[in-house]
Amino acid sequence: MTAIGNRRLKPSTLMMGHGFDPTLSKGALKPPIFLTSTFVFESAAEGTRHFEGVTGRRPGGAEGLVYTRFNGPNQEILEDRLGVREDAEDALSFASGMSAIATLLLTFCQPGDMIVHSGPLHAATETLIARILGRLGIGWLDFPAGASEDEIATMLEAAQARGRAARDRLLGERAPPIAIDNTFLGPLWQQPLAHGADLSVCSLTKYAGGHSDLVAGAVVGSAALIREIRIMRNTLGTITDPHTAWMLLRSLETLQLRMERAGANAAHVCAFLRDHPRVEHVGYLGFLAPASRQADIFTRHCSGAGSTFSLCLKGGEAEAFRFLDSLVIAKLAVSLGGTETLASAPAAMTHLSVPEARKAALGITPNLVGISIGVEDPDDLVTDFAQALDSV
């Protein structure tokens, strides 16, 4: 049920039961965890029909449960709910955010193709594109965030000239799909499909999981494209496992509450950090220059500034490390979107393997600190950041 009469139910309501029928599970209020690797067919003909669907031999996909590498009750309920917030036609869950990205790229990229993307991407995604897909004869071209349409068009023309296959794919009848990594703002503050993207990708480890106790990923989008990705996922086996899917169902129920609290906390903390004498710069979406292209994009596409931001301290790596080592409430760890506040040094941690020239071009300097704000008391967080800055 997605509506009562003419009223369409909101995502926060649908997260409580959408996609699950208690009568199919002995009346259980919540879905059980289906820890099974395979499912029994009622007849050989039924089994054949299911396999025709999961292998793509027959359009429409599986009409029933086959094998946990392909589908399962927990995964299917999860995928029903993942598409709700972005009003997506279909959704897929994966064992990690990177397995979602890798499966997507392997589905649509062929030797001679060119991946055109904004920069920077998640460090592991850039490594996948440049170092792994590059070995398969797939090229890449990145443009800086905030580039104008004319600048991007010029780069696309250059990409088309680099190879016949790339040119044919860009100019052919079927345009390359546009995929957006929506991990940093999540489904609450940004909805790429509503702005023309074909696919929205995210790490469910972050806000959707939200408790730093699981790893998973998702792709949502048009049914036609999801169908192709599903076939690749069936082959690679990159689907979410049943227990992780069940944990995500639990976490999705409080997603909006957690994100709203974390977003409000981040605004409170950033307001304190912005004018602190030991702070050089706060990279927070709420502080974008009003007349800038980035601010224009943010205003048109986003409904909130999120809970993740960067902090440049006056000094270098030594000052950044002293600050990190002095934090009490905030934990020194990498990730974002959890209930707890996290802080890390990107140049020395998540982006350690990124070439120095590229780190410099992207502003990933030794004095940069990455912060993800959680749901703690906001004044307690300010106190913690204040005492840590005093040590710098």
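Mind checking which residues of the stretch 15-42 are in contact with a helix residue (DSSP H, G or I) (Cβ under 7 Å, 6 or more places away or on another chain) and not in a loop (DSSP other than H, G, I, E, B)? Listed by number, the list is empty, since nothing qualifies.
If I filter the stretch 158-174 for residues that are of a type outside the set (Phe, Trp, Tyr) and modelled with pLDDT of 80 or more, do I get at least one hit? No, the conditions are met nowhere in the stretch 158-174.
Name the residue, out of 245, 266, 271, that is assigned to a helix (DSSP H, G or I), crowded, with 22+ Cβ neighbours inside 10 Å and assigned by TED's automatic domain parsing to the domain that holds residue 305.
On the way: 245 fails: assigned by TED's automatic domain parsing to the domain that holds residue 305; 271 fails: crowded, with 22+ Cβ neighbours inside 10 Å.
Unique residue meeting the criteria: 266.
Restricting the search to helices (runs of 4 or more DSSP H) fully inside the stretch 43-161 and requiring at least 3 residues that are within 30 Å of residue 208 (Cβ to Cβ) and within 18 Å of the chain's Cα centre (by Cα) gives 73-82, 97-108, 123-127. Among the conditions (1) surrounded by fewer than 16 Cβ atoms within 10 Å (Cβ to Cβ); (2) over 24 Å from residue 213 (Cα atoms), residue 377 misses just one, which is (2).
Look at residue 1 and say whether it is in a loop (DSSP other than H, G, I, E, B), among the aliphatic types (A, V, I, L, M) and not assigned by TED's automatic domain parsing to the domain that holds residue 239. Yes, satisfied. In the condition set (1) surrounded by 18 or more Cβ atoms within 10 Å (Cβ to Cβ); (2) under 15 Å from residue 229 (Cα atoms); (3) out of contact with any strand residue (DSSP E or B) (no Cβ under 6 Å at 6 or more places or on another chain), residue 92 is compliant with all but (3). For beta carbons closer than 8 Å, sequence separation of 6+ or different chains, a first residue in the stretch 182-210 that is on the phi > 0 side of the Ramachandran plot and a second that is of a type in the set (Ser, Thr, Tyr), the qualifying pairs are 186/207; 210/251; 210/254; 210/339.
Within the stretch 283-300, take every residue that is small (Gly, Ala, Ser) and loosely packed, with under 14 Cβ neighbours inside 10 Å and give me the one that is modelled with the highest pLDDT. Give the steps one after another, and end with the answer.
Filtering the stretch 283-300 for residues small (Gly, Ala, Ser) gives 283, 286, 289, 291-292, 295.
Adding the requirement that they be loosely packed, with under 14 Cβ neighbours inside 10 Å leaves 289, 291-292.
Numbers: 289: 93, 291: 89, 292: 88.
Within the stretch 283-300, the match that is modelled with the highest pLDDT is 289.
The single condition among (1) touching a helix residue (DSSP H, G or I) at 6+ places or on another chain (Cβ under 8 Å); (2) within 18 Å of residue 185 (Cβ to Cβ); (3) at pLDDT below 95 that residue 304 does not satisfy is (3). Within the set 55, 107, 127, 48, the sole residue that is assigned by TED's automatic domain parsing to the domain that holds residue 214, β-branched (Val, Ile, Thr) and modelled with pLDDT of 95 or more turns out to be 107.
Tell me whether the stretch 340-351 contains one or more residues that are surrounded by fewer than 20 Cβ atoms within 10 Å (Cβ to Cβ), acidic (Asp, Glu) and farther than 20 Å from residue 373 by Cα. I'd like the intermediate steps shown before the answer.
Here is the first cut: in the stretch 340-351, the residues surrounded by fewer than 20 Cβ atoms within 10 Å (Cβ to Cβ) are 340, 348-350.
Adding the requirement that they be acidic (Asp, Glu) leaves 340.
Filter once more, keeping what is farther than 20 Å from residue 373 by Cα: none.
Within the stretch 340-351, none of the residues are surrounded by fewer than 20 Cβ atoms within 10 Å (Cβ to Cβ), acidic (Asp, Glu) and farther than 20 Å from residue 373 by Cα.
With the structure loaded, tell me whether residue 384 is assigned by TED's automatic domain parsing to the domain that holds residue 271, closer than 17 Å to residue 273 by Cα and free of Cβ contacts under 8 Å to residues at least 12 places away in the same chain or whether it fails that test. So residue 384 fails the test. Please identify the pairs in which a residue from the stretch 357-378 that is more than 17 Å from residue 281 (Cβ to Cβ) has its Cβ atom under 6 Å from the Cβ atom of a residue that is charged (D, E, K, R) and at pLDDT 95 or above, counting only partners at least 6 apart or on another chain. Short answer, once both residue conditions are applied: 374/340; 375/258; 375/261. Whenever a residue of the stretch 14-35 is assigned by TED's automatic domain parsing to the domain that holds residue 82 and in contact (Cβ under 8 Å) with a residue 12 or more places away in the chain, its partners that are exposed (fewer than 12 other Cβ atoms within 10 Å of the Cβ) and not β-branched (Val, Ile, Thr), lying with C-beta atoms within less than 8 angstrom and at least six residues away or across chains, give the pairs 18/1. Here residue 47 passes the criteria (1) touching a strand residue (DSSP E or B) at 6+ places or on another chain (Cβ under 9 Å); (2) without any contact (Cβ under 8 Å) to a residue 40 or more places away in the chain except the one numbered (1).
Restricting attention to the stretch 99-130, and to residues there that are of a type in the set (Val, Ile, Thr) and buried (at least 17 other Cβ atoms within 10 Å of the Cβ), which single residue is nearest to residue 182 (Cα to Cα)? Quick ask: steps written out before the conclusion?
In the first step, residues of the stretch 99-130 are kept if they are of a type in the set (Val, Ile, Thr); the result is 101, 103, 107, 115-116, 125, 127, 129.
Subsequent filtering for residues that are buried (at least 17 other Cβ atoms within 10 Å of the Cβ) retains 101, 103, 107, 115-116, 125, 129.
On the way: 101: 12, 103: 16, 107: 19, 115: 18, 116: 17, 125: 13, 129: 18 Å.
The residue in question is 101.
Would the stretch 339-359 turn up any residue that is more than 26 Å from residue 213 (Cα to Cα) and part of a loop (DSSP other than H, G, I, E, B)? Scanning the stretch 339-359 turns up at least one residue that is more than 26 Å from residue 213 (Cα to Cα) and part of a loop (DSSP other than H, G, I, E, B).
The values are calculated or read from the model by the stated rules, or taken from the named source; none is laboratory data. These figures come from a predicted structure and were not determined experimentally. Positions of Cβ are backbone-derived with ideal geometry, glycine not excepted, and every protein chain shown enters the neighbour counts.
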